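These notes are about the structure you will find just below.
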Amino acid sequence: MVAGQFIRHCHQATGGWMPLAPLTQHVVPGDFCRMHDAGLRVLGNIARLGFAPKSQPHETEFTVPDGCLRLSHGVHQVFRAEEYCEDDAGARQQATRHALQFDAAGSFIFSGSRPRYRMIRNWHDFEIDITVKLTQAEFAFRDLYVVTQLLRVDEWALAIAGETEARLEQVAAHRSGDHFQLFSHPASRGLQCKGIAVYQKSDSVAAHFFKARKLTLRQAKKDALLNRVLAGRHKYSEQEKANWLEQDALNLVEANELNIATCLEFFEWRDAGLEDALRLC
């Protein structure tokens with residue numbers, strides 16, 4: 001997908017943040033989700049599951065003063081000129097016209113301002129309870145993500161090239177030599193584009209990025225389940241053993257082996273990584 005480079009670069013350059021698809025999708029910390037059809041599908045929120053008073057999820061929210069989020073790969077400003085234009089009232093004002101060139105398909109630029117953070121700050125307090133509730137007591141999930149941090153940015157824009165040497169021209173009623181600022185400024189507008197697959201811009205609806213915890217099978221349990229196959233010398237052929245090693249180890253669980261008393265031996269939560277982020281392509 002054309003957004004793959006954007007997702008990969010975002011995750012690597014920001015310490016693990018993943019862009020929502022679409023960027024304007026509304027989620028909140030505590031939402032539990034599945035990744036499906038290159039998007040995040042919210043199924044509920046852990047706050048509605050019910051916790052003991054001492055293990056309630058607690059959130060923290062803060063804003064970075066004068067902050068901004070700027071990401072790009074393979075994009076260059078190849079033209080900039082100051083000129084005059086007329087506003088909606090017919091008044092003459094200064095403006096800046098510029099052009100961005102994209103090296104290859106997938107090259108991108110993103111710029112947003114005023115980042116705001118929300119995060120769950122006491123995951124450890126309710127991790128055991130949530131594991132039991134989501135895998136046995138109330139649900140039987142085996143593939144699940146819980147949003148733990150959310151980043152919102154305003155006055156943002158995103159452009160992704162669909163071909164080599166794509167080009168985007170803009171004009172903004174604003175004077176600046178900073179192409180990131182010109183790109184996402186509220187007064188900027190697109191004039192011409194060539195080979196651009198994605199061009200999104202918003203001054204009123206925030207863009208969202210997230211971090212999540214992923215439900216996974218404990219490595220020790222996975223090893224034990226796979227050893228059953230390897231130990232069954234006469235039960236499986238060599239090819240069958242090789243095929244089993246590529247399957248979900250949970251398929252090896254015997255009847256009644258996984259239950260409310262044993263689920264903590266089977267599952268743990270890990271930070272979602274780049275492999276998970278690329279599922280959003």
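Values quoted throughout were computed directly from the atomic coordinates according to the rules given, and no laboratory measurement underlies them. All figures in this text were calculated on a predicted structure; none of them were measured in a lab. No Cβ is skipped: glycine too gets one built from the backbone with ideal geometry, and neighbour counts run over all protein chains shown.
Which angle between 0 and 90 degrees, to the nearest 10, do you get for helix 219-231 versus the longest principal axis of the chain when only C-alpha atoms count?
Around 50 degrees separate the two axes.
Return, ordered by residue number, the residues of the range 201-233 whose backbone nitrogen is under 14 Å from a label point located 7 Å along Cα→Cβ of residue 252.
Counting only backbone N, you get 217-233.
Calculate, in nm to one decimal, what residue 41 and residue 218 gain on full extension: separation in residues at 0.36 nm each, minus their alpha carbon distance. Before the final figure, lay out the partial values.
Working: separation 177, 0.36 × 177 = 63.72 nm, distance 2.44 nm.
This chain segment gains 61.3 nm when fully extended.
Which of the peptides 139-145, 217-223 is most tightly packed, and how do the rest follow, going by the mean number of other Cβ atoms within 10 Å of each residue?
139-145, 217-223
Can you tell me the relative contact order of the range 4-280? Whole percent, Cα pairs under 8 Å, sequence separation 6 or more.
23
Only residues of the range 117-149 count here: report those whose backbone N is under 13 Å from the spot 7 Å along Cα→Cβ of residue 52, or say none.
125-130
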